[in-house]
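Notes follow once the structure below has been shown.
The values are calculated or read from the model by the stated rules, or taken from the named source; none is laboratory data. The shown structure was predicted, so the numbers you read here are calculated from the model rather than taken from an experiment. So basically every Cβ, Gly included, is an ideal-geometry build from the backbone, and we count neighbours across all protein chains shown.
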Amino acid sequence: MPQLSRHAGQLRAVLGPGGAVPRLAPRGALEHAGAAAPLSLHPHARRARGDGRGSLRRDRGGCDLRDDRAAIATPARRRGAHSARVARHERRHRARAVSAGLFAVKAISAAAEAGEQPLIRVLSLPSLTAFGIGSIIGTGIFVLTGTAAANHAGPALVISFLLAGCAGAFAALSYAELASMIPIAGSAYSYAYATLGELAAWFIGWNLVLEYTFSVGTVAIGWSAYVVSLLAQFGIHLPEALIQAPIDRGPGDVGLIVTGAVLNLPAVLIVAVVAYICYIGIRQSAAINFAFVVLKIAVVLGFVLLGAGFVNRANWHPFVPANTGHFGHFGWSGVFAAAGIMFFAFIGFDTVSTCAQEARNPRRDVPLGIVSSLAICSVLYVATALVLTGMVPYSDLDVAAPVALAIDAHAELRWLGLPVKLGAIVAMISVMLVMTVGQARIFMAMAADGLLPSWFASVHPRFHTPAHSTVVTWVGATLIGGLL
């Protein structure tokens with residue numbers, strides 16, 4: 001009872017004459033320098049020490065009163081306190097976002113929403129698989145196989161291909177899983193943005209720009225050399241000033257030199273044709289690429305099936321040549337060294353994921369396209385290595401065109417030389433086509449995230465392709481292929 005009377009007296013003191021509730025002042029306006037922690041009306045509150053100038057009391061809403069005046073926490077006051085806490089939380093959240101800066105990630109749901117824009121979904125699983133094969137099988141199968149066999153692995157190049165294929169499978173499965181979760185264009189760039197943050201995405205995006213653009217330009221240079229050689233067989237000779245780059249690397253440590261040529265005209269022309277195909281529509285690009293992929297698979301299978309009849313099993317012994325005393329030069333160290341070289345022959349399956357926004361069923365078809373393209377190319381690579389090392393001794397394969405060498409070694413197969421050269425030309429066109437498609441969509445994805453001007457994200461209203469990004473890719477590849 002005495003305690004109840006004391007609280008009643010405190011309440012009357014607060015209400016004052018007439019029972020009016022006094023206006024509560026903010027906490028900061030009532031606290032004074034040197035004040036200790038105030039008291040509270042709550043029966044379980046802790047009492048603080050006074051400072052000799054009157055005690056302070058604090059209610060749960062955070063209001064302080066002088067001279068033993070208590071605060072009454074009304075529902076409106078509690079709502080105000082809650083709003084203040086929410087505001088403080090939002091300010092802290094914004095501060096953390098600013099401090100995170102370049103390490104901020106994009107939610108997967110936001111990434112999926114960002115993928116909703118006017119690209120048409122026309123790519124089926126066969127088209128996506130053909131994009132992967134078109135990018136993977138290039139000149140590597142016609143050049144790298146001979147170098148790796150002659151200098152590193154010998155007939156055990158087959159094992160090197162299997163090891164490289166297994167390593168590529170781990171990467172391909174990672175791409176497949178991410179593609180099913182984030183079915184938008186951008187490939188590794190978009191995946192990095194959603195998982196590692198903006199800084200990592202920016203870095204990976206520009207690495208992809210270098211990879212794709214330089215791939216188009218350098219493959220165009222190789223294509224030009226093949227075409228010039230093929231035309232020479234038919235007595236057609238182009239001027240030297242139009243088949244060489246005006247800038248080239250000099251001998252030794254000389255650096256870059258001026259050759260006196262005007263430009264590499266065949267390289268410039270093929271880049272322009274490829275860019276035009278990519279500009280006028282993804283449906284046209286997919287159809288042409290599918291036809292080229294069928295042709296180059298037919299050439300590879302023709303070499304494997306016809307060459308198998310001329311295999312000399314003695315060329316496979318010893319299957320793993322003895323090491324010469326240098327690491328990576330034959331022996332098992334050479335097998336692993338060759339696997340590292342041949343891994344580059346598997347690069348390209350990631351281009352399938354750049355077409356996710358144009359796939360009919362991206363969550364299913366893009367992962368299947370990545371895995372199936374890698375599997376098909378692995379089988380073709382292993383079969384080619386097995387037949388190639390069986391047709392001629394591995395020590396003779398250290399030439400620029402080992403497949404042509406193996407064909408010329410058997411008079412009955414010399415007619416196959418022209419189809420193989422045509423297959424190499426077609427294979428390189430397919431590589432340039434797929435790389436141009438992928439590069440344009442990476443530019444578009446970066447622009448959609450604000451890392452490039454929005455101009456790069458523009459989609460052609462008629463062709464439904466990233467037109468501006470395709471033009472930029474064409475210009476960059478032309479400069480590399482025509483002038484360097």
Response to the item:
Within segment 223-266, restricting to residues that are of a type in the set (A, V, I, L, M, F, W, C) and touching a residue at least 60 places away in the same chain (Cβ under 8 Å), the one that is nearest to LEU418 (Cα to Cα) is LEU230
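For segment 379-391, does any single residue satisfy the condition of being under 18 Å from SER229 (Cβ atoms) and touching a Leu at 6+ places or on another chain (Cβ under 9 Å)?
No: zero hits.
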Worksheet item: Among LEU157, LEU119, LEU128, which is surrounded by 17 or more Cβ atoms within 10 Å (Cβ to Cβ), at pLDDT 85 or above, touching a strand residue (DSSP E or B) at 6+ places or on another chain (Cβ under 7 Å) and not acidic (Asp, Glu)?
Response: LEU128
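Here's the yes/no breakdown for (1) closer than 25 Å to GLN439 by Cβ; (2) within 13 Å of the chain's Cα centre (by Cα); (3) not in a helix (DSSP H, G or I):
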position	(1), (2), (3)
THR147	no, no, no
ILE159	no, no, no
GLY168	yes, no, no
ALA172	yes, yes, no
TYR175	yes, yes, no
LEU178	yes, yes, no
ALA185	yes, yes, yes
TYR189	yes, yes, no
Item to complete: Count, please, the residues in segment 366-424 that happen to be farther than 18 Å from TRP316 by Cα and either of a type in the set (Phe, Trp, Tyr) or outside the structural domain of ILE184 (by TED's automatic domain parsing) (or both).
Response: 1
Fill in: Test set (1) of a type in the set (S, T, N, Q); (2) in contact with a Phe, Trp or Tyr (Cβ under 7 Å, 6 or more places away or on another chain); (3) under 22 Å from GLY476 (Cα atoms) - SER373 fails condition number
(3)
Worksheet item: Does any residue of segment 281-288 turn out to be in the same structural domain as CYS166 (by TED's automatic domain parsing) and in a loop (DSSP other than H, G, I, E, B)?
Response: yes
Item to complete: List every residue pair whose Cβ atoms sit under 7 Å apart, with the two residues 6 or more apart in sequence or on different chains, where the first one lies in segment 133-161 and is among the hydroxyl-bearing types (Ser, Thr, Tyr) and the second, anywhere, is surrounded by 22 or more Cβ atoms within 10 Å (Cβ to Cβ) and outside any helix (DSSP H, G or I).
Response: SER135/GLY348
Item to complete: Please state which of the following conditions ASN264 fails to meet, knowing it meets all the rest: (1) closer than 27 Å to ILE136 by Cβ; (2) surrounded by fewer than 17 Cβ atoms within 10 Å (Cβ to Cβ); (3) touching a strand residue (DSSP E or B) at 6+ places or on another chain (Cβ under 9 Å); (4) polar (S, T, N, Q).
Response: (2)
Practice prompt. Would you be able to tell me the number of residues in segment 170-201 that are in contact with a helix residue (DSSP H, G or I) (Cβ under 9 Å, 6 or more places away or on another chain) and farther than 27 Å from ARG121 by Cα?
Written response: 5
Worksheet, complete the sentence: How many residues of segment 190-217 are out of contact with any Leu (no Cβ under 6 Å at 6 or more places or on another chain) and buried (at least 19 other Cβ atoms within 10 Å of the Cβ)? The answer is 14
